[in-house]
1. When the Debye formula is applied to the Cα atoms of the stretch 87-161, each taken as the same point scatterer, what base-10 log of I(q)/I(0) results at q = 0.11, 0.12 Å⁻¹?
2. What is the spin-label model distance, in nm, from MET108 to GLU76 if the labels are put 7 Å beyond Cα along the C-beta direction?
3. Between ARG11 and GLU182, what is 0.36 nm times their sequence separation minus the Cα-Cα distance? Round to one decimal in nm.
4. Subtract the Cα-Cα distance of LYS129 and ASP68 from 0.36 nm times their separation in residues, and report this length gain in nm to one decimal.
5. Say each of ARG100 and ARG154 gets a label point 7 Å from the Cα, pointing the same way as Cα to Cβ; how far apart are those two points in nm?
6. For LYS46, give me every one of the aspartates and glutamates with a C-alpha distance below 18 angstrom, ignoring sequence neighbours fewer than eight places off in its own chain.
7. Collect residues whose amide H, placed 1.01 Å from N in the peptide plane, falls under 5 Å from the amide H of GLU79; neighbours closer than 5 in sequence don't count.
8. Once you have the Cα-Cα distance between LEU48 and THR138, take 0.36 nm times their residue separation minus that, and quote the gain in nm to one decimal.
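Read the figures in this text as sums done on the coordinates, not as results from a lab. Everything numeric here is computed off the predicted structure, so don't read it as measured data. Reconstructed Cβ throughout: ideal geometry from the backbone, glycine too, with neighbour counts over all protein chains shown.
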Amino acid sequence: MNTTNFFAKRRFLKLTLLGIGGAVAVASGGFGYLTMTNRYRERYGKLLSLDGHLADIVHTLAEVSVPDRPGFPSVEQAEIVTRMDEEMYFVSDGISSDLRAAFYMLEMLPLAKGYMSRFSRLSLADRRKFLIEASDTTDDAQRVVIFSLPAMMRWYYYGHPSSWNAIGYDGPFMNLPEKRSEQRVYYAELVGRKSQD
């Protein structure tokens, strides 16, 4: 029996099994890492477009995009996540897909920048620090994500009546009450919330 050949085959099998085992472990760990329990999803009740993970990303992005001072409403009070869900439900599939891709890019970008966590799992201070660092880029896709998504959060925040007193805005001209569109009334019915029309 040729012992050299036997040990070469044995070593090849050992390395192959270690490689396959390592790949399975990395894949399982990656899947577990991506599907960790959602911290914020349960706060919002029924959502039609933002699955649990996307709701977390939107919530944590909104936290760093809007004021966190006395007199200003919270992310929940300004209904940013539910408003984002409503808008995504009614836009075309292409736009919805692009927004999802942008949110997932934001979620994973800290890992590419040396952070040891995804965006939605970073502390509030680290999320702020990351957005400032990531804004200094020549990458067009990254720049669009870093500047456009927080702008959307501010758009929904300041468009909500709960923020108006804090910024000194006395409401729309002639103080006419808001008349909800059929789309907004329909969405409220779909998710089981009382429509305010």
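1. Log10 I(q)/I(0), no solvent term: -0.31, -0.37.
2. Placing both labels 7 Å along Cα→Cβ, they lie 3.1 nm apart.
3. 54.7 nm
4. Going from the current span to full extension adds 20.4 nm.
5. 2.9
6. Of all the aspartates and glutamates, those that pass the test against LYS46 - Cα under 18 Å, at least 8 places apart if same chain - are ASP56, GLU76, GLU79, ASP85, GLU86, GLU87, GLU189.
7. none
8. Length gained, LEU48 through THR138: 28.9 nm.
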